[in-house]
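S.K.: Before I ask anything, let me first share the structure, which is written out below as structure tokens.
The values are calculated or read from the model by the stated rules, or taken from the named source; none is laboratory data. Just so it is clear, the structure is predicted and the values come from calculations on it, not from any experiment. Cβ atoms come from the backbone with ideal geometry, glycine included; neighbour counts cover every protein chain shown.
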Amino acid sequence: MNPSTILFLTLAPLLWAGNAIVGRMVHELVPPITLNFLRWAIALVILLPLAGPIFHRDSSLWRHWRRFALLGLLGIGMYNALQYLALQSSTPINVTLVAAGMPVWMMLTGWMFFGARISRRQICGAILSISGVVLVLARGELNHLLELRLVAGDMFMILATIAWSLYSWLLTRSTEPVELRANWASFLLAQVAFGAIWSGLFAGGEWLLAPQQIHWGWPLFAALMYVAIGPAVIAFRCWGAGVQRAGPSVAAFFSNLTPLFAALMSSAFLGELPRLYHGAAFLLIVGGIVVSSRRV
């Protein structure tokens, strides 16, 4: 760990928290699925000059297109679209706190589909983290659980975390050539290209199912440039570099800075002040991750 590594691992959650804030700010200007498509279409254009040769006819990408199509579906087409859908009815604080239970879903996904073993310590950590997520879903009042007062956004975010968990486990099952993984831009572009196709198909379905309207203007243009450059390209690059230096176990703790940054930004830009139960949920989620990540 050194200052540059810490900067990389802190900047990515900061940008991802900003993604939730911006998604909430423009939720009345552009449909959520369309926002996801526009975001990744712009990111695709940005990445093309950096790794365009991977689309050459003799590129090894085409021998592994099914894998990248699946990665693009889960990590880009589904996760981000579901997050923007969640922000239509839920707040950035709630969305990022629900997403902070990601390590628990990763553990369960690994156990169910990839043969990963679960230790007793991980189970204890999972109980703590799930308690934090439940506290958010209940809005700090236990009677809400009995009344099942869940907004659609919370459920969309749970589905998003499951999609991201599958995506993350698939990343560990590497089958593509080294040259595709060696260059971060090439590896990301291969996913973005297929993810943009999925996003475009989903956006088309959104427009077919219900009349849509986009309110073009400088606020939307500025938002699109931010979500395409910051959370998509820069954050992925910083996170990849930070994980390579510090390892995934250490990096996981930094990912839980996202709800903290989201709470601060919500207060500053949206006037949505964090509640006491948000702080309690954050401590439970982080405590669960600390317990499950400790080694005997």
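S.K.: Only residues that are at pLDDT 70 or above and either over 18 Å from the mean Cα position of the chain (by Cα) or within 17 Å of residue 72 (Cβ to Cβ) (or both): list them for the stretch 131-156, please.
M.R.: Within the stretch 131-156, 131, 132, 134, 135, 151 qualify.
S.K.: Moving to a separate point now. Could you list, ordered by first residue, the pairs with Cβ atoms under 9 Å in which the first is in the stretch 12-36 and in contact (Cβ under 8 Å) with a residue 60 or more places away in the chain and the second is among the charged types (D, E, K, R) and not in a helix (DSSP H, G or I), at least 6 apart or interchain?
M.R.: 24/272
S.K.: Could you check how many residues of the stretch 77-99 are in a helix (DSSP H, G or I) and in contact with a Gly (Cβ under 6 Å, 6 or more places away or on another chain)?
M.R.: Count: 3.
S.K.: Report yes if some residue within the stretch 204-213 is within 21 Å of residue 85 (Cα to Cα), assigned to a helix (DSSP H, G or I), touching a Ser or Thr at 6+ places or on another chain (Cβ under 9 Å) and of a type outside the set (Lys, Arg); otherwise report no.
M.R.: Yes, because at least one residue in the stretch 204-213 is within 21 Å of residue 85 (Cα to Cα), assigned to a helix (DSSP H, G or I), touching a Ser or Thr at 6+ places or on another chain (Cβ under 9 Å) and of a type outside the set (Lys, Arg).
S.K.: For residue 81, state whether it is under 16 Å from the mean Cα position of the chain (by Cα) and within 28 Å of residue 175 (Cβ to Cβ).
M.R.: Details: under 16 Å from the mean Cα position of the chain (by Cα): yes; within 28 Å of residue 175 (Cβ to Cβ): yes.
Taking the combined requirement at face value, the residue satisfies it.
S.K.: Now, a different point. Consider residue 159 carefully, then state whether it is modelled with pLDDT of 85 or more, outside any loop (DSSP other than H, G, I, E, B), surrounded by fewer than 18 Cβ atoms within 10 Å (Cβ to Cβ) and under 19 Å from the mean Cα position of the chain (by Cα).
M.R.: yes
S.K.: Continuing with the same structure: I'm trying to understand the selection: among the residues of the stretch 87-116, which are hydrophobic (A, V, I, L, M, F, W, C) and out of contact with any Ser or Thr (no Cβ under 6 Å at 6 or more places or on another chain)? Please lay out each step first, then the result.
M.R.: First, the residues of the stretch 87-116 that are hydrophobic (A, V, I, L, M, F, W, C): 87, 93, 95, 97-100, 102, 104-108, 111-114, 116.
Within the stretch 87-116, 87, 95, 97, 98, 100, 107, 108, 111, 112, 113, 114, 116 meet the criteria.
S.K.: Right, something else. Could you tell me whether any residue of the stretch 219-228 is modelled with pLDDT of 85 or more and under 27 Å from residue 174 (Cα atoms)?
M.R.: Within the stretch 219-228, one or more residues are modelled with pLDDT of 85 or more and under 27 Å from residue 174 (Cα atoms).
S.K.: Related question: Listed residues 269, 194, 202, 282; which is farther than 26 Å from residue 65 by Cβ and crowded, with 16+ Cβ neighbours inside 10 Å?
M.R.: Answer to the check: 282.
S.K.: What residue, among those in the stretch 55-72 that are small (Gly, Ala, Ser) and in contact (Cβ under 8 Å) with a residue 40 or more places away in the chain, is surrounded by the fewest Cβ atoms within 10 Å (Cβ to Cβ)?
M.R.: So the first thing to find is which residues in the stretch 55-72 are small (Gly, Ala, Ser), and the list is 59-60, 69, 72.
With the extra rule that they be in contact (Cβ under 8 Å) with a residue 40 or more places away in the chain, the set shrinks to 60, 69, 72.
Numbers: 60: 14, 69: 18, 72: 24.
Among those that are small (Gly, Ala, Ser) and in contact (Cβ under 8 Å) with a residue 40 or more places away in the chain, it is 60.
S.K.: What single numbered condition from (1) at pLDDT below 75; (2) farther than 22 Å from residue 97 by Cα; (3) touching a helix residue (DSSP H, G or I) at 6+ places or on another chain (Cβ under 6 Å); (4) not small (Gly, Ala, Ser) fails to hold for residue 243?
M.R.: Residue 243 satisfies every listed condition except (2).
S.K.: For the condition small (Gly, Ala, Ser) and either surrounded by 14 or more Cβ atoms within 10 Å (Cβ to Cβ) or part of a loop (DSSP other than H, G, I, E, B) (or both), what is the one hit in 23, 52? Don't jump to the end; show me each part of the working.
M.R.: Numbers: 52 fails: either surrounded by 14 or more Cβ atoms within 10 Å (Cβ to Cβ) or part of a loop (DSSP other than H, G, I, E, B) (or both).
Every option except 23 fails the conditions.
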